[in-house]
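In what follows, a structure is listed as structure tokens, so that the remarks can point back to it.
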Amino acid sequence: MTAVKGQRRGGKNIGVAARVWEEELVIPTYQVGAAARNPDLFRDGWRCIYPYTLRDNLLHRRRDVTYRAVYLENEYLRVVVLPELGGHIYSAHDKISGEEMFYLNHVIKPGRILLRGSWAAFGLEFNFPRGHSVTTLSPVDYRLLERPDGSVAVAVGDCEQTSRMRWTVLISLRPGARRLEVTTRLTNRTELPHRYYFWANAAVPANEHLQFLSPAGPPAAGVRTSPSPTRTG
């Protein structure tokens, strides 16, 4: 993992400048045992994760874990990114309203879900080339950026070893802006075509005030479509 100049210790900052820095963050975390010694050679298709191994030994024991977190902040937003947990946006805090943009989970508790058998719900997750990807709770590359226009950013990404394709997500914050900018770059580093999809999976708290508004056409289930916006069965 890589970091560049401009790292600063934390502290409250109310003003016009945007800034980026690294700081330790302690989060209670349920432990995952050692990964399998060998990859599962009998998976095929989209479930093939070779050369990765399964991490599905969930121990149900919690302890405080210190993570290296990247902070981005301006006068409106304070954002926390966790490169050691797949590059998730862990927190996007609106300093004016006092509300979180996404679901801020104060405990990391993996569940036995999908490709490597270890996944947790919090913040915003980046997936490529499949959903809940092989690095969803693993360290990824990252780099801090300070631009001449006063904006700051952190780039997170990884070269996925199964396909040899790379994903990079640039998370940016500008002075005076009450929004977070996310730019995605996907690269096929091989001479062969590969199937893929990119999925930014957001977690939000479910309560009686939650509304999700999105224009949509008929949803597809295999080769069939269903009526929108509701589906039965």
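Read the figures in this text as sums done on the coordinates, not as results from a lab. Small disclaimer: the values here were computed from a predicted structure and weren't measured. Positions of Cβ are generated from backbone atoms using ideal geometry, with glycine treated the same way; all protein chains shown enter the neighbour counts.
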Computed FRET value (nearest 0.05) for Glu23 with Arg164, which takes r as the C-beta separation and R₀ as 30 Å
0.35
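When Lys and Arg each count +1 and Asp and Glu each count -1, what net charge do the other residues less than 14 Å away from Glu99, Cβ to Cβ, add up to?
Values: positive: Arg78, Lys95, Arg178; negative: Asp94, Glu100.
That works out to +1.
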Expected sort for 20-27, 100-107 on mean C-beta neighbours within 10 Å, highest first, is 20-27, 100-107
Relative counts (whole %) of C-alpha pair distances in segment 79-158, using bins that are 5 Å wide:
3, 15, 22, 22, 19, 11, 6, 2, 1
Each residue of segment 197-212 in turn: what ³J(HN,Hα) in whole Hz from Karplus with 6.51, -1.76, 1.60 and θ = phi - 60°, glycine and Pro shown as x?
8, 10, 9, 9, 9, 9, 9, 10, x, 8, 8, 5, 9, 6, 10, 10
So, relative contact order of segment 19-203 in percent, Cα under 8 Å, 6 or more apart, is 21 percent
Sorted by Cβ neighbour density within 10 Å, fewest at the top, the residues Glu208, Glu73, Glu181:
Glu208, Glu181, Glu73
If you add up the charges near Leu173, with Lys and Arg at +1 and Asp and Glu at -1, over every other residue whose beta carbon is less than 13 angstrom from its beta carbon, what do you get?
+1
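Normalising by the residue count of segment 45-117, find the relative contact order in percent from Cα pairs under 8 Å and 6+ residues apart. Provide the component values of the computation, followed by the final result.
On the way: 82 pairs, mean separation 21.0, N = 73.
Relative contact order of segment 45-117: 29 percent.
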Rounded to whole Hz, the Karplus (6.51, -1.76, 1.60) HN-Hα couplings of segment 53-58, x for glycine and proline
10, 6, 10, 10, 8, 7
Among residues other than Ser118 whose Cβ falls under 11 Å from its Cβ, what is the net charge (Lys/Arg +1, Asp/Glu -1)?
+3
Computed for the chain: size of charge dipole around the Cα centre, +1 on C-beta of each Lys and Arg, -1 on C-beta of each Asp and Glu, debye to nearest 20, value 380 debye
Among Val81, Ala34, Ala120, the residue whose Cα sits farthest towards the positive end of the charge dipole of segment 19-203 (+1 at Cβ of Lys and Arg, -1 at Cβ of Asp and Glu, taken about the Cα centre) is Ala34
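Provide the FRET efficiency to the nearest 0.05 for the Arg189-Ser97 pair, computing r from the beta carbons and using R0 = 35 Å.
Details: r = 42 Å, r/R0 = 1.20.
Plugging the Cβ-Cβ distance into 1/(1 + (r/R0)^6) gives 0.25.
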